[in-house]
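Have a look at the structure below, then the notes.
Laboratory data are not the source of any read-out in this text; all were calculated from the coordinates shown. All values derive from a computational prediction rather than experimental measurement. Positions of Cβ are backbone-derived with ideal geometry, glycine not excepted, and every protein chain shown enters the neighbour counts.
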Amino acid sequence: MRGRLLVTGASGFLGAETARLALEAGWTVIGTFRSAPSDVEDVEWRQLDVADRDAVRKLVAGARPDAVVHTATAAWRWCSASTRTVGRSYDDWRVTADGAAHVALAAADAGARLAHVSSDAMFSGRCAPYDETALPDPVNRYGAAKAAAETAVRAIAPGAAVVRTSLILGDGRSKHERHVLDLVAGRASGTLFTDELRCPVHVADLAAALLELSGGAYAGVLNVAGADALSRHELGMLIAAREGLDAALVPAGHSAELGAPRPTDTRLDIARARRVLSVRLRGAREFLAAG
Ligand SMILES: NC(=O)c1ccc[n+]([C@@H]2O[C@H](COP(=O)([O-])OP(=O)(O)OC[C@H]3O[C@@H](n4cnc5c(N)ncnc54)[C@H](OP(=O)(O)O)[C@@H]3O)[C@@H](O)[C@H]2O)c1
């Protein structure tokens, strides 16, 4: 038995994978959801709004976790050139920033180790590649909220692992992969940008890294992303090809079309993660290879 692990946002994409792997590894898993639990069996489910400071404190104190993995984030909305919803993607400061502070405070009070999930969205993209010493220079509200969350977590829980990551994919289940299929099928409109570079990570690799960090002693920022840098459009073509679709049907565009600031080249340097983690961080070209 590895101990008790609290996963916030265990009904979400990364949280569910983390909960699944943790159960396999012998952790007792307490998982939180906002609207509904997921289908991961053997999780002790609890409803939680991380924006509610007292509720977070009460839940964490009652759960008595040895470690907390904080993945919960505000509801996500796709932003594209046609829908122009860029200002609202993950856009709830109370959940993303205040919520992270509440979780860090409660974990510290409970004496639990914390692995906090951060994002490359906190960078403008003007100074890539980014290593762990890079300071945030966000260009939108989501990036600013993730940067504020990091600052709170590092101040409250200096022993926490703060995991900066990039687009999270996995076997067709991510919203990014589903969006590509919708674009190709004409169920969604918009484009994938050729001028936004990311280091997509497989959800299983990231979840394994979070578990490793939960059971370890690493303190501070750690970049945990995929080994390959690709544009969103290149990524879309790889996803389409894996599904046996015509990659030429993936619509290309430029982020400038949105008329709203977006992070451009947010490549993350993963040299440190390669040294400190045993999990191998695959690149998208490898894990999306057709066939
Ligand atoms: N997805 C990416 O490509 C990506 C890239 C970089 C960083 N990240 C970071 O990775 C983490 C996980 O992302 P994800 O894609 O797995 O997210 P997701 O699938 O959208 O899941 C979000 C989770 O947060 C929960 N949640 C929403 N509002 C909440 C609230 N007020 N209080 C408590 N829980 C709440 C949701 O619960 P319900 O489902 O029950 O509503 C769900 O379990 C986030 O911190 C995100 O910022 C993601």
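Here are the numbers for this structure:
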quantity	calculated
Stretch gain in nm, segment ALA248-SER278, where the contour uses 0.36 nm per residue and the Cα spacing is subtracted	7.1 nm
Projected label distance in nm at ALA260 and ASP42, using a 7 Å step from Cα toward the beta-carbon	4.2
Stretch gain in nm, segment ARG178-SER35, where the contour uses 0.36 nm per residue and the Cα spacing is subtracted	49.4 nm
Alpha-carbon centroids, the range 1-68 and the range 110-138: separation in whole Å	23
Length added when fully stretched, ASP109-TRP93, from 0.36 nm per residue minus Cα-Cα	3.5 nm
FRET efficiency for ALA25 and ALA55, using Cβ-Cβ distance with R0 set to 30 Å, rounded to 0.05	0.60
The chain: relative contact order in percent, alpha carbon pairs under 8 Å with at least 6 residues between	18
Descending semi-axes in Å of the chain, equivalent ellipsoid built from Cα gyration tensor	30, 20, 19
In the range 160-194, trypsin sites (Lys or Arg not before Pro) in a DSSP loop with at most 15 other beta-carbon atoms within 10 Å	ARG173, ARG187
Loop-located trypsin sites (Lys or Arg not before Pro) in the range 196-291 whose Cβ has at most 16 other Cβ within 10 Å (DSSP)	ARG280
Likely footprinting exposure, TYR130, TYR218, fewest C-beta neighbours within 10 Å first	TYR218, TYR130
